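Visitor: Please see the structure below; I have some questions.
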Amino acid sequence: MKLIVTGGAGFIGSNFIYYMQEHHDYDILCMDALTYAGNLETLKEAEKNPRYSFVKCDIADRDAVYRVFEDFRPDVVVNFAAESHVDRSIEDPGIFLQTNVIGTQVLLDACRKYGIKRFHQVSTDEVYGDLPLDRPDLFFTESTPIHTSSPYSASKASADLLVQAYHRTYDLPVTISRCSNNYGPYQFPEKLIPLMIANCLANKPLPVYGQGLNVRDWLYVEDHCKAIDMILQCGRDGEIYNIGGHNEMANIDIVKLIVGEIGKSEELITYVTDRKGHDLRYAIDPAKIKAELGWEPETKFADGIKKTIKWYLDNKTWWERIVSGEYCEYYEKMYENR
Ligand code: NAD
Ligand code: DAU
């Protein structure tokens, strides 16, 4: 089996490569443009496997993508490559359309041209928009209408529609997964959990948007990887699968938990101006993937968050290099005077 993992130098893609190396004996090619979010250091253990290779390639660069497909001849392509941060999409939507929409279309064309067995699109629960805070009985199912809020979610929803169009029009074998918020090792410290851990360790203010009441449905990254693997093995062609573990938490509760685990003072918590168009609540109904594929999350949040904090403590050099580099400028721009 020959597998291309796009965006494999990022958070979930790298965890997925490690997961697949542990559970299968596949030829894996990581295709990544190495944007600010891609980090080859993350993959240094994966490189020790002789069946692993890497190519630096922008998924929106048609000629380059076709060359990679021509050389490698993949059976399966899993597309993680994306601009993934909502706040950045609010500042500069253009690159989100370029990578997330045009990049996906280029990959779909390459998959048609070179005849693959399966294209899997890694999508997000954000395509469903948000749910009200006072209706805990409501969840996103696969038939919830698409109703996006941010340029990021609009670009991911557009990509999903293209994937479905290529399935219907050209019979391309595809699957789509829509997962809730992930956390775990190798997450870029611009996202809530690693940002709060890094700031806490540095005794820096912990910027909570609005009143911190927005709710996210957190899943340990390895459980996401396992779900994608199960979809590749047994998922039905053309289907969408929601992935989530019924672990809803308000942002402020997550931040307080991190502060407590690290043993710092809650005085570090600083309420800042809210995100524009901030989605209130995400909550996945995972009944379909559970019933059809038998997937269930294995890591409880209480354990996963401890493991994650320990990982950031044990791997300070990995993220300290990031927060001291060009990310510094981004941080100042996003949080100064907020
Ligand atoms: P990330 O930002 O950590 O990593 C993205 C990776 O894609 C990086 O390695 C980057 O270099 C690469 N990339 C960006 N533009 C590229 C391009 N034009 N060509 C090739 N590579 C490019 O993202 P993540 O959090 O790992 O998310 C991975 C995927 O999962 C995304 O598609 C995202 O929408 C989706 N997703 C993320 C979450 C989450 O909680 N993080 C939840 C659900 C779905
Ligand atoms: O739901 C899946 C999505 O989860 C993925 O598709 C996205 O790629 C991923 O980035 C994530 O999006 P969110 O916007 O939910 O994640 P983020 O970590 O940016 O923010 C989580 C919550 O925390 C959100 O309500 C905003 C809030 N927040 C975030 C940051 C960075 C803060 O209060 N302060 C912060 O500094």
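The values are calculated or read from the model by the stated rules, or taken from the named source; none is laboratory data. Because the structure is a prediction, the values reported are computed rather than measured. Virtual Cβ from ideal backbone geometry, glycine too; neighbours counted across all protein chains shown. Please note that ligands, DNA and RNA were not included when accessible areas were found on the heavy atoms of the full protein model with its side chains. Shrake-Rupley method; radii C 1.70, N 1.55, O 1.52, S 1.80 Å.
Visitor: Quick one: what pairs do we get from segment 1-17, first residue within 19 Å of Thr124 (Cα to Cα) and assigned to a strand (DSSP E or B), second within 16 Å of ligand 2 (Cβ to nearest atom) and aromatic (Phe, Trp, Tyr), C-beta under 7 Å, 6+ apart or different chains?
Guide: Val5/Phe16; Val5/Phe80; Thr6/Phe80
Visitor: Considering only residues that are part of a helix (DSSP H, G or I) and surrounded by 17 or more Cβ atoms within 10 Å (Cβ to Cβ), which ones fall in segment 46-59?
Guide: Hit for segment 46-59 is Ala46, nothing else.
For (1) within 13 Å of ligand 1 (Cβ to nearest atom); (2) aromatic (Phe, Trp, Tyr); (3) open to solvent by 10 Å² or more (accessible area, probe 1.4 Å), each residue gets a yes or a no:
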| residue | (1), (2), (3) |
| --- | --- |
| Pro173 | no, no, yes |
| Arg178 | yes, no, no |
| Pro194 | yes, no, no |
| Leu201 | no, no, yes |
| Leu206 | no, no, no |
| Gly212 | no, no, no |
| Val215 | no, no, yes |
| Ala227 | yes, no, no |
| Asp253 | no, no, yes |
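Conditions (1) within 11 Å of ligand 2 (Cβ to nearest atom); (2) out of contact with any Gly (no Cβ under 7 Å at 6 or more places or on another chain); (3) modelled with pLDDT under 95; (4) among the hydroxyl-bearing types (Ser, Thr, Tyr), marked per residue:
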residue: Pro207; (1), (2), (3), (4): yes, yes, no, no
residue: Asn214; (1), (2), (3), (4): yes, yes, no, no
residue: Ile262; (1), (2), (3), (4): no, yes, no, no
residue: Glu267; (1), (2), (3), (4): no, yes, no, no
residue: His278; (1), (2), (3), (4): yes, no, no, no
residue: Pro286; (1), (2), (3), (4): no, no, no, no
residue: Lys290; (1), (2), (3), (4): no, yes, no, no
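Visitor: A further question follows. State which residue pairs qualify: first residue touching a residue at least 40 places away in the same chain (Cβ under 8 Å) and inside segment 289-304, second residue among the aliphatic types (A, V, I, L, M) in any location, beta carbons under 7 Å apart, and separation of 6 or more residues or different chains.
Guide: Ile289/Ala227; Ile289/Ile243; Leu293/Met230; Leu293/Ile231; Trp295/Ala227; Trp295/Met230; Trp295/Ile289; Pro297/Leu219
Visitor: Sticking with this one: Only residues that are open to solvent by less than 50 Å² (accessible area, probe 1.4 Å), on the phi < 0 side of the Ramachandran plot and not β-branched (Val, Ile, Thr): list them for segment 1-17, please.
Guide: Matches in segment 1-17: Leu3, Gly8, Ala9, Gly10, Phe11, Gly13, Ser14, Asn15, Phe16.
Visitor: Answer yes if at least one residue in segment 114-134 is more than 12 Å from ligand 1 (Cβ to nearest atom), over 25 Å from Ile284 (Cβ atoms) and open to solvent by less than 10 Å² (accessible area, probe 1.4 Å), and no otherwise.
Guide: Taking every residue of segment 114-134 in turn, none turns out to be more than 12 Å from ligand 1 (Cβ to nearest atom), over 25 Å from Ile284 (Cβ atoms) and open to solvent by less than 10 Å² (accessible area, probe 1.4 Å).
Visitor: Something else now. Restricting to segment 19-45, name every residue that is part of a helix (DSSP H, G or I) and either open to solvent by 50 Å² or more (accessible area, probe 1.4 Å) or under 16 Å from Trp318 (Cα atoms) (or both).
Guide: Glu22, His23, Leu40, Glu41, Thr42, Leu43
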